[in-house]
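Accompanying notes for the structure given below.
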Amino acid sequence: MRLNEKKRGPDLHNFWLAEILLALAAALVANQYWVIDREHSRPPALLIVAALVCLSLAAGVGAYRYGIDPGITQLHRVLSQLSAYVTFPLIGLGLLWGRLGLPKARGKRAPAYGVLVLVVGSALIVAEAGSLPPRLVGSLFSALGLTFWLLVAVWELIFPRSLRRPLALILISGALLVILAGAVVGTDATRVLGVARMNWFHLCLAAGALALLCARPIFICGRSESE
């Protein structure tokens, strides 16, 4: 959720709307997974909640930065970097854990908290070690999480257990949109079809987050809903 510094200009205030949409999308999906854990006792869903809360918080602060107060730029950068480290690893691990249906996936939240601490801690340790640039650390962790996301979605597409094939396809599309956002769209202020790449980036992330709604049966059912 960060703008390349070389492309700062008078259009900064135009970025707030896409950030707001991303923040709302992530918060909506986080709420849905929170309900899943509360009503069905599925601790892996908490990993997705934590991931999307982090993403929503970073985007919300970004909207405030671009729309109201540029003075919180440093806070926005810190939250964006944290989101880059943990959001997609937590989503990927949550989906994989839910799909595998491990015995500890029900009832007890301690393993989910342990995974959360492990992911955040390992990302921060690698980043602080200084052997790799922080941006590269974020890219590597995100790539790992997106790999798990795609693995689960393709797994459900080929061997459906909890998802109907259309839902699996939407889940795959969501991961591909996130990959497209990071690898192709980028976050500068140049325009594509009249819209800044920065805004396309956040809209792709928002669509990817919403695609996670299609993964809810993985956590709810525990039995096949496929045709």
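For this structure, a couple of remarks:
- Tilt relative to the chain, helix 110-129 - C-alpha long axis, 0 to 90 degrees, to 10: 30
- Scattering from region 20-96 was approximated by placing one identical point on each alpha carbon and applying the Debye formula without solvent; log10 I(q)/I(0) at 0.15, 0.18 1/Å stands at -0.51, -0.68.
- Mean-position separation - Cα centroids, region 181-207 and region 61-139, in angstrom: 21
- Degrees separating the helix 165-180 axis from the principal Cα axis of the chain, which is the longest one: 30
- Only one residue of A63, P166, A30 has its Cα farthest out toward the positive end of the dipole of region 5-220, where Lys and Arg carry +1 and Asp and Glu -1 on Cβ, and that residue is P166.
- Region 5-220: relative contact order as a whole-number percent, Cα under 8 Å and 6+ apart: 25
- Computed over every Cα-Cα pair of the chain and binned at 5 Å starting from 0, the pair-distance distribution P(r) comes out as 1, 8, 15, 19, 19, 16, 11, 7, 3, 1, 0 percent.
Coordinate-derived values only; no laboratory data. Because the structure is predicted, anything quoted here is derived from the model rather than measured. A quick note on method: Cβ atoms are made from the backbone with ideal geometry, for glycine too, and the neighbour counts reach across all protein chains shown.
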